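The values are calculated or read from the model by the stated rules, or taken from the named source; none is laboratory data. Fair warning: this is a prediction, and the values are worked out from it, not measured in the lab. So basically every Cβ, Gly included, is an ideal-geometry build from the backbone, and we count neighbours across all protein chains shown. The protein model used for the area step is the full one, side chains on, heavy atoms only, and it has no ligands, DNA or RNA in it. Shrake-Rupley method; radii C 1.70, N 1.55, O 1.52, S 1.80 Å.
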Amino acid sequence: MSEQTRAADAVISPRRRQLVLGAVAGIGLVGCQRDAPGVVGVARISGATMGGAYTVKLVAPDRDLVAVRSAVQGALDAVDWRMSLFRADSELVAFNRAHPGQPFALSDEMYRVFAAALAVSRQTDGAFDMTVAPLVERWGFGTAPTRRVPAPAALVEARARLGWRSLQLDDATRTVTKTRADVHADLGGIAKGHAVDRVAATLDALNVGHYMVEVGGEVRTRGANGAGAPWQIGIEEPDAMPQRARLVVPLSGRAMATSGDYRNYFEQDGRRFSHEIDPATGAPIAHALCSVTVVADDCMRADALATALIVMGPQRGLALAEAEGIAALFIERTAPGQYRDRATAAFAALGARAVA
């Protein structure tokens, strides 16, 4: 582990989003340790969830870590059961099979996620669209990952099935109704953020006052780290191998999510095609913007906004974020291995520091 990485409590990487921490594979418990004078021991719980990994760090030396892990895993399993496209018995798969014109009853948890997703769709004029599932599948980033450029006719067919406006929510009955049978939802741009929030709520209920939660690269914090300072969350340097931090953000009581084009992609005919798909074009993004990080009060919103802003691109995305007061950092490629950072005023106020 580099000294740059040691300077941060976590360095997040966009979707495939793996934490640059050397986390233990599988489910494990790491006991409290005193690393340096004046530093309180920090317990770490890590494991597998939602096709990836999670890590929880907590400053709670007298905690029953087995009980905490059980509660955390239970919260994550509940999200996975509701929102996975890889489980035939999930609530999301059941919704995708539902008939048009018939109200489909959602659990309270799923209803909140649908409502949040549609709110971000409205805010970004559809740059975030949870009905993007047909395109995700066609490009090979879904349940059947055969990654290749689709035939033009297949893209036309997939794009015709999109439309977040085809979903109608009813607050009174907690139902959603499709206006078309071929509309399918994919919560990949918001579910992990929601999972982070559910784990945070679980820790709050256990009266854990100081923690950092990371699920697949999405982060939420409360209180202070082992040194008594805000948690130090690193934003990854795009394309870097080995992975390393570019900036470190002090974060306490807030959430952070990053979307990027450089960890989950394929190459064909000399071009890179990332998993960040623009619903308006039906294709992966093709502009210079390679990473967007959003800080918000909850991780679900940060997750969805990071996805929307990278889809919108460096001009439209930055303009919207600035106008809406969103704390966001935009990283653009200017040449191979060279980047330019542009931050909104709200992000600049967070006091992020560059990693030398």
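Quick notes on this one:
- A Förster radius of 51 Å combined with the Cβ-Cβ distance from Gln102 to Gln338 puts the calculated FRET efficiency at roughly 0.45.
- Taking a Cβ cut-off of under 10 Å around Glu157, the surrounding Lys, Arg, Asp and Glu residues balance to a net charge of +2, with basic ones at +1 and acidic ones at -1.
- Cα-based shape type of segment 100-224, given that a ≥ b ≥ c are square roots of the gyration tensor eigenvalues and the cut on a/c is 1.5: oblate
- Segment 30-143: translational diffusion in µm²/s, Stokes-Einstein, Kirkwood Rh over Cα pairs, 4 °C, 1.567 mPa s: 75
- Computed [θ] at 222 nm, helices only, for the chain once each DSSP H run of length n ≥ 4 contributes -39500 (n - 2.57): -8500 deg cm²/dmol
- If a spin label sat at a point 7 angstrom from the Cα of Ala323 along the line to its beta carbon, the backbone N atoms of segment 116-159 nearer than 12 Å would be those of 123-125.
- On a per residue basis, the convex hull of the C-alpha atoms belonging to the chain measures out at 134 Å³.
- Segment 106-184 - percent of accessible surface contributed by carbon and sulfur, probe 1.4 Å: 52
- Per atom type, segment 262-356 shows carbon and sulfur on 50% of its accessible surface, probed at 1.4 Å.
- Trypsin sites (Lys or Arg not before Pro) restricted to DSSP loop in segment 111-172 with at most 16 other C-beta within 10 Å: Arg147, Arg148
- Taking 0.36 nm per residue of separation and subtracting the current Cα-Cα distance, fully stretching the chain between Ala286 and Asn264 would add 6.5 nm.
- Local net charge near Ala240, Cβ-Cβ under 13 Å (Lys/Arg +1, Asp/Glu -1): +1
- Simple point charges give the picture: +1 on the Cβ of Lys and Arg, -1 on the Cβ of Asp and Glu, and for the chain a dipole about the Cα centre of about 380 debye.
- Contact order normalised by residue count of the chain, Cα under 8 Å, 6+ apart, percent: 19
- Nearest-ten-degree value, helix 191-205 long axis tilted from longest Cα axis of the chain: 40
- Potential extension, Ala205-Asp89 segment - 0.36 nm per residue separation minus Cα distance: 38.9 nm
- Segment 98-249, dipole about Cα centre (Lys/Arg Cβ +1, Asp/Glu Cβ -1), debye to the nearest 20: 240
- Prolate/oblate/rounded call for segment 87-131, Cα gyration tensor, a/c under 1.5 rounded: prolate
- In Å, descending, principal axis extents of the Cα set of segment 121-167: 32, 19, 16
- Computed from the C-beta positions of Ala78 and Arg148, the FRET efficiency with R₀ = 41 Å rounds to 0.70.
- Whole-number accessible area per residue in Å² for the chain, which is evaluated in the context of all protein chains at 1.4 Å: 41
- Three principal axis lengths of segment 229-289 [C-alpha, angstrom, descending]: 47, 28, 16
- For Cys290, the residues 5 or more places off, or on other chains, whose built amide H falls under 5 Å of its own are Ile331, Glu332, Arg333.
- For segment 279-331, the C-alpha radius of gyration divided by 2.2 N^0.38 Å, with N the number of residues, is 1.07.
- Rg to Rh quotient for segment 210-261, alpha carbon positions, Kirkwood Rh: 1.00
- Asp125 versus Arg271: modelled label distance in nm, points set 7 Å from Cα along the beta carbon direction: 2.4
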